[in-house]
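The values are calculated or read from the model by the stated rules, or taken from the named source; none is laboratory data. In this text, all values refer to a predicted model and were calculated from it rather than measured experimentally. With ideal geometry, Cβ positions are generated from the backbone for all residues, glycine too; neighbour counts draw on all protein chains shown. Heads up: the accessible areas ignore ligands, DNA and RNA and are worked out on the full protein's heavy atoms, side chains in. Shrake-Rupley method; radii C 1.70, N 1.55, O 1.52, S 1.80 Å.
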Amino acid sequence: MWQWIHKWASPKHFYRVSTRVAPWLWGLALILLTVGALWGLAFAPADYQQHDSFRIIYVHVPSAMLAESCFALMAVCAVVFLVWKIKLADIVAKVAAPFGASMTFAALFSGAVWGIPTWGTWWVWDARLTSMLILLFLYFGIIALRYAFAREHSGGRAAAVLSLVGVVNLPIIKYSVEWWNTLHQTASFSLTKAPSMPESMWVPLLLMMLGAYALFGAVVLSRTRNEILRREHRARWVRALITDTCDKEH
Amino acid sequence: MSSEGGHSWARAFRYTFVRDLRLRIRHGSEWGSPLIFFALIVTLFPLATTPDRTVLVTFAPGILWVAALLAVLLSLDALFREDHDDGTLEQMLLSPVPAWLLVLAKMCAHWVMAGLPLALMSPMLGLMLALPSSVFWVTALSLALGSATLILIGAIGAALTVGVRRGGLLLALMVLPLYIPVLIFGAGVVRLALDGIDVTPYLAILGAMFAAALALSPWASAAALRLAHSG
């Protein structure tokens, strides 16, 4: 078991395997997102109350879910990196942070645009909105902390500690709509009960969510591969890889 | 063995606490500056908004709390910086006494010098913001409890940035998002008291945040200091 983990934690092995996985993941993301977006934006019926503006849900919900999942991933990576000192975890945490920050921004922005036709305002100081804004600031803090250190390793460990501290925000975001009387509605989806939307509305949303996760996986995987090459550029296997590619091209 | 161990722990805690207090008291400007800063920020608000007492009193809880929060943030740099620079911190981490205990002692001393005075100053500044004297006690209590939480949370950030040159702005960037829940409930306590509503639920939440921070922060800060020192 430990041997298996160590094999996976080695950047070289990870790079080899991910070479085969990455294109599939990109393809899956492309298909799911295209089908989901076309279906959701063009074919799903308009809401009887919100009309066409409800279609923002197809961007808003997936990006908000990714924003939280990405933070959770960073926290898991932080534990793995701090406890077992696996460098690959630090690389994943590093490349995931900007993606998570942009998804948080996308969720906030699409929410603000959605707020105009439904709530009549861009922004309210609602518990869900505020806790998402805090999440965005946490992402910024983690990214800034990482780059404040001259040595990559120290920056990685400091960022890992801060991501673990910031995890307290995730349950606050999750339950903010239940703990406080907020303007924001409660969850549209749950694993335990049937969705409150008709099938023609939630199926494209489900596709968009799955597509978003596939995109998340693809982006993190590809950026992790780049980062591995950058960090290991002195290693023999990376040099061999580069000379091989150059030979093929010429 | 265990009783002897406990005895030496208590002694190490007391020694670190007294040492930090003594150092702080001798460096007057270091602990004085955040307090003056607190008063200055509070002064800025009526000048920038309105001196109208009826309006000012509605803003007073927020102004007091934001100013106190910034003062704590400003004081955090003093928590580990000097001990880091002269190598004392390294000796503390190497000592047989657990590092979280010594870090906790430093935090307690810091609260006595940088948190408690804010609470004691709050009635005077509350007077300037037209707060009725009936809420002075609650304001001071919320600031005393809240500033302890702020110091505990901020210590993690201070420990993480101790090795960073010019870490001040970075510290603010990291710590301020984490301060928001404390600010909401801290200022909320004062606002509830102003409206004549029972403040115990909000105080209880503030206390719960303090308890959680007390349990986690010394340990996390010690871990962060170790990271900063192992390079």
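Taking every residue in the range B:18-45 that is over 26 Å from B:L64 (Cβ atoms) and pairing it with any residue that is of a type in the set (K, R) and part of a helix (DSSP H, G or I), at least 6 positions away or on another chain, the pairs with Cβ-Cβ distances below 6 Å are B:D20/B:K106. Of the residues B:L40, B:L64, B:L56, the single one that is under 22 Å from the mean Cα position of the chain (by Cα), crowded, with 16+ Cβ neighbours inside 10 Å and part of a helix (DSSP H, G or I) is B:L64. If you go through the range A:166-185 and keep only what is touching a Lys or Arg at 6+ places or on another chain (Cβ under 6 Å) and within 13 Å of another protein chain (Cβ to nearest Cβ), you end up with just A:S176. Checked against (1) part of a helix (DSSP H, G or I); (2) within 14 Å of chain A (Cβ to nearest Cβ), B:L120 passes all but a single condition, namely (2).
Just one of (1) at pLDDT 90 or above; (2) of a type in the set (A, V, I, L, M, F, W, C); (3) touching an Asp or Glu at 6+ places or on another chain (Cβ under 9 Å) fails for B:A78. It is (1).
The set of residues in the range A:118-136 being buried (at least 17 other Cβ atoms within 10 Å of the Cβ), more than 11 Å from chain B (Cβ to nearest Cβ) and at pLDDT 85 or above consists of A:R128, A:L129, A:M132.
What is the one condition in (1) within 16 Å of B:A159 (Cα to Cα); (2) surrounded by fewer than 23 Cβ atoms within 10 Å (Cβ to Cβ); (3) more than 9 Å from every other protein chain (Cβ to nearest Cβ) that A:S163 does not satisfy? That leaves (2) as the condition not met. Taking the range B:129-144 as the search range and keeping residues that are assigned to a helix (DSSP H, G or I) and in contact (Cβ under 8 Å) with a residue 40 or more places away in the chain, which one is nearest to the chain's Cα centre (by Cα)? This residue is B:L143. In this structure, B:L120 qualifies as closer than 16 Å to B:V72 by Cβ and open to solvent by 20 Å² or more (accessible area, probe 1.4 Å). Within the range A:137-160, the set of residues being of a type in the set (F, W, Y) and either closer than 19 Å to A:A72 by Cβ or surrounded by fewer than 16 Cβ atoms within 10 Å (Cβ to Cβ) (or both) comprises A:F137, A:Y139, A:F140, A:Y147.
When B:S75 is tested against (1) closer than 30 Å to B:V138 by Cβ; (2) among the hydroxyl-bearing types (S, T, Y); (3) open to solvent by 40 Å² or more (accessible area, probe 1.4 Å), exactly one condition is not met: (3). Among the conditions (1) within 27 Å of B:L216 (Cβ to Cβ); (2) open to solvent by less than 80 Å² (accessible area, probe 1.4 Å); (3) part of a helix (DSSP H, G or I); (4) in contact (Cβ under 8 Å) with a residue 24 or more places away in the chain, B:V97 misses just one, which is (3). Scanning the range B:192-209 for residues that are farther than 22 Å from A:L133 by Cα, assigned to a helix (DSSP H, G or I) and more than 14 Å from every other protein chain (Cβ to nearest Cβ) returns B:L192, B:A193, B:L194, B:T200, B:L203, B:A204, B:G207. Looking across B:L89, B:L69, B:L102, one residue alone is modelled with pLDDT of 95 or more and part of a helix (DSSP H, G or I). It is B:L69. Just to be sure before I move on: is A:A67 surrounded by 20 or more Cβ atoms within 10 Å (Cβ to Cβ), out of contact with any Lys or Arg (no Cβ under 8 Å at 6 or more places or on another chain), in a helix (DSSP H, G or I) and hydrophobic (A, V, I, L, M, F, W, C) in the structure I sent? Taking the combined requirement at face value, the residue satisfies it.
When the residues of the range B:145-186 are narrowed to those that are open to solvent by less than 40 Å² (accessible area, probe 1.4 Å), small (G, A, S) and more than 11 Å from the chain's Cα centre (by Cα), which ends up farthest from B:L116 (Cα to Cα)? Here the answer is B:G167. Of all residue pairs spaced 6 or more apart or on separate chains, those with beta-carbon atoms under 8 Å, a first member in the range B:156-184 that is more than 8 Å from every other protein chain (Cβ to nearest Cβ) and a second member that is hydroxyl-bearing (S, T, Y) are B:A158/B:S221; B:A159/B:S221; B:L171/B:T161; B:V182/B:T149.
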